[in-house]
Amino acid sequence: MKKLFISAIAILGVLLSANAQDALIVNTQGREHVSLNGTWHYIVDPYDTGFYDYRFKERPEKDAGAYWNNSEPKGPTQWTEHGYKAPYNIQVPGDWNSQDHQFLYYEGTVWYQRNFDRPSAAVGKDVYLYFGAVNYEAHVYLNGKKLGMHKGGFTAFNFKIPKELLKDKDNFLVVRVDNRRHADEIPTVNTDWWNYGGITRDVELVMVPEHFIQQYNLQLDPSQDIVAAKKKGKYKLSGWAKMNAPAAGAKVSVEIPELKLKKEFAIQGDSVAFNFEANKIGLWSPESPKLYQVKFALGNESVSEKIGFRKIEVSGKKIILNGSQVFLRGISIHEEIPQQIRRAHSVKDANQLLGWAKELNCNMVRLAHYPHSENMTRVADSLGLMVWSEIPVYWTIEFGNPEVLVKAKKQLTEMVTRDRNRASIIIWSVGNETPVSPTRTTFMSTLAKMAKKLDGSRLVSAALEVGYNEGVNHVDDPLGEYTDIVALNEYLGWYRGTPADCRTAKWSVAYDKPFFISETGAEGNFGFHADKTARFSEEYQEWFYQEQIKMFENQFPDSYSGISPWILADFRSPKRNNPTYQEGWNTKGLISKDGQKKKAFYAMQAYYKKIVDKEK
Ligand code: GCB
């Protein structure tokens, strides 16, 4: 464990030194913070006029034409060509696409601005500006000074505000947001989802003392024999904490009041490793999503949150949770509220999406194809849904470009850093349907190994594809060597043939590992009823699932470990242009864009119920 801890910290150090933002502060909700959500002002800037001058050179800091500077005219003679005022209002958090029709297809730069006063709680504290996510590139300025830049549309970041920069009143905060797609970014130019732009998650001022615990982890020590531990009722807990600065000689305490446990550990350098025993822990599981309030303290400063303890592992062809085999009754989910054509972000949104998953009788969700908001993984913790969490290394990115690998590693690190204390997360996925080649396998296996180093307590996976060869469907992607489970996206009966072909399909899987269907699905328009052979009908979609399930059960009796149909709800996709049945929507949802359940929803619900009843 210690080795793992040290390598995780080392990787983090290398990555952070290469990037502008400060190390992530985890669990901002459990710390003193003030929300900067609400109404901001905006300027749409398709030509990047606020960033570049007329020679297309980045504007100097104090340039009056730079949109990070306040251009409020001080008198009628002052030249000014930008400004922030009503009615140019926009809500944060929220994508811009859903807020005004002019933004529906917009890809480019939008400048966001708001004022704020120094919170009273900031006195004597260090203040950080925290963003849950901005898609894709964010340049952040405060009172005319650049705090930094962040790339990556689905991960959190923060900047420390220099003390001398923060004023008592009317701090002028500007964020340049650019959601243009680029070949050398992650994701790349080509995705089967909508490129929602904007400040899509919460913005906060986080107040911390000069010395504080920036990141920490506490979990069941993954090395213990969980069956023996359960028998004895004695568990090993392990983890670590990392301070914002060296604090050798000081101590960090870990307290779990409900277990009447309080332990102290001496800091070495800026970090500390935990190791202790706990009796009679109620383990976290979908049936009993037990969470304990855990408090980490450094001197008078403390941070607490609810953490669950569980062990996930594989044994041969089985996935094992807390010592017992588990079948993943999953569903894939995009972070989108279809009824309003917008990104999901709030606790209410998480409850809607995960509530639907519960209704479907799921015990697991695949959060596709990028890290979802922290609200999703926290609600999953409390509802008892196991989670597959993924970075947007999707389809054909620039695998041969070392800078792209750096970007992928950074997103992987940011995903793991924010959520490593979520018991719900059982799988880190390093990508989806990446095309087999030696260069790509080197790239992807590097990520898989890194995920293991960052967090040795979870399974690592990637959604693979089938090799459709003569007569036999081959699952032999060399990346399968590096993943803990073989996860397969598979659409026999939709993109090829008809569902009837599932009856005769032959399969060959190269790995003796748990076999998980990370995607399968067919389109079905809610309310379109026809013979089951009619594509896009609800009947076709229902039939598709019936045949698929029979095929998996028959072909893989030993290794079939779960399935996450594609997908919970219809979602926006610019790639779906059938004028009768799609009109810009991928309609593979079990639930329609208006929130109605299709026949396939009930088919999967009944299938999962049967599994639950059999397991009883
Ligand atoms: C896939 C992709 C997913 C698509 C889906 C589809 O294999 O992973 O992002 O949306 O297929 O509907 O074709």
Residue under question is Trp193, and the condition is that it be within 16 Å of the ligand (Cβ to nearest atom) and either touching a residue at least 40 places away in the same chain (Cβ under 8 Å) or within 30 Å of Lys160 (Cβ to Cβ) (or both); does it hold?
yes
Could you check Trp543 against (1) of a type outside the set (Val, Ile, Thr); (2) more than 30 Å from Glu313 (Cβ to Cβ); (3) in a loop (DSSP other than H, G, I, E, B); (4) out of contact with any strand residue (DSSP E or B) (no Cβ under 7 Å at 6 or more places or on another chain) and say which number it fails?
(3)
Filter result (charged (D, E, K, R), modelled with pLDDT of 95 or more and surrounded by fewer than 20 Cβ atoms within 10 Å (Cβ to Cβ)) within segment 242-298
Lys251, Glu255, Glu258, Lys260, Lys262, Lys263, Glu264, Asp270, Glu277, Glu287, Lys290, Lys295
Give the residues of segment 189-207 that are in contact with a Phe, Trp or Tyr (Cβ under 7 Å, 6 or more places away or on another chain) and of a type in the set (Val, Ile, Thr), sorted by residue number.
Thr191, Ile199, Val203, Val206
Would you be able to say whether some residue in segment 144-156 is in contact with a helix residue (DSSP H, G or I) (Cβ under 8 Å, 6 or more places away or on another chain) and either of a type in the set (Lys, Arg) or under 20 Å from Gly124 (Cα atoms) (or both)?
yes
So which helices (runs of 4 or more DSSP H) are wholly in segment 361-456 and hold at least 1 residues that are within 16 Å of the ligand (Cβ to nearest atom) and in contact with a helix residue (DSSP H, G or I) (Cβ under 7 Å, 6 or more places away or on another chain)?
438-454
Considering only segment 587-616, how many residues are more than 16 Å from the ligand (Cβ to nearest atom) and outside any helix (DSSP H, G or I)?
5
How many residues are at positive phi and surrounded by fewer than 24 Cβ atoms within 10 Å (Cβ to Cβ) if we restrict to segment 154-201?
1
The listed residue being within 22 Å of the chain's Cα centre (by Cα) and touching a residue at least 60 places away in the same chain (Cβ under 8 Å), out of Asp221, Asp184:
Asp184
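Let's see how each residue does on (1) more than 15 Å from the ligand (Cβ to nearest atom); (2) over 20 Å from Ile320 (Cβ atoms); (3) surrounded by 22 or more Cβ atoms within 10 Å (Cβ to Cβ):
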site	(1), (2), (3)
Ile485	yes, no, yes
Arg503	yes, yes, no
Lys513	yes, no, yes
Ile517	no, no, yes
Phe544	no, yes, yes
Gln548	no, yes, yes
Filter segment 487-501 for residues that are within 16 Å of the ligand (Cβ to nearest atom) and among the charged types (D, E, K, R); the one that is nearest to Lys452 (Cα to Cα) is Glu490
Output the number of the condition that Asp531 fails; it satisfies all remaining conditions of (1) without any contact (Cβ under 8 Å) to a residue 40 or more places away in the chain; (2) within 16 Å of the ligand (Cβ to nearest atom); (3) surrounded by fewer than 19 Cβ atoms within 10 Å (Cβ to Cβ).
(2)
With segment 36-148 as the region, which strands (runs of 3 or more DSSP E) entirely inside it contain at least 3 residues that are assigned by TED's automatic domain parsing to the domain that holds Tyr370, in contact (Cβ under 8 Å) with a residue 40 or more places away in the chain and more than 24 Å from Asp349 (Cα to Cα)?
none
When you look at Asp117, is it surrounded by 17 or more Cβ atoms within 10 Å (Cβ to Cβ), within 30 Å of Ser373 (Cα to Cα) and among the charged types (D, E, K, R), yes or no?
no
For Glu470, the lone unmet condition from (1) away from the ligand (no atom under 16 Å from the Cβ); (2) at pLDDT below 95; (3) touching an Asp or Glu at 6+ places or on another chain (Cβ under 7 Å) is (3)
Considering residues that are within 28 Å of the chain's Cα centre (by Cα) and surrounded by fewer than 13 Cβ atoms within 10 Å (Cβ to Cβ), the number found within segment 597-616 is 0
Some residue of segment 22-32 being at pLDDT 95 or above, among the acidic types (Asp, Glu) and loosely packed, with under 15 Cβ neighbours inside 10 Å
no
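The values are calculated or read from the model by the stated rules, or taken from the named source; none is laboratory data. Please read these numbers as outputs of a predicted model, since none were measured by experiment. When we count neighbours, we look across all protein chains shown, and the Cβ atoms used for this are built from the backbone with ideal geometry, even at glycine.
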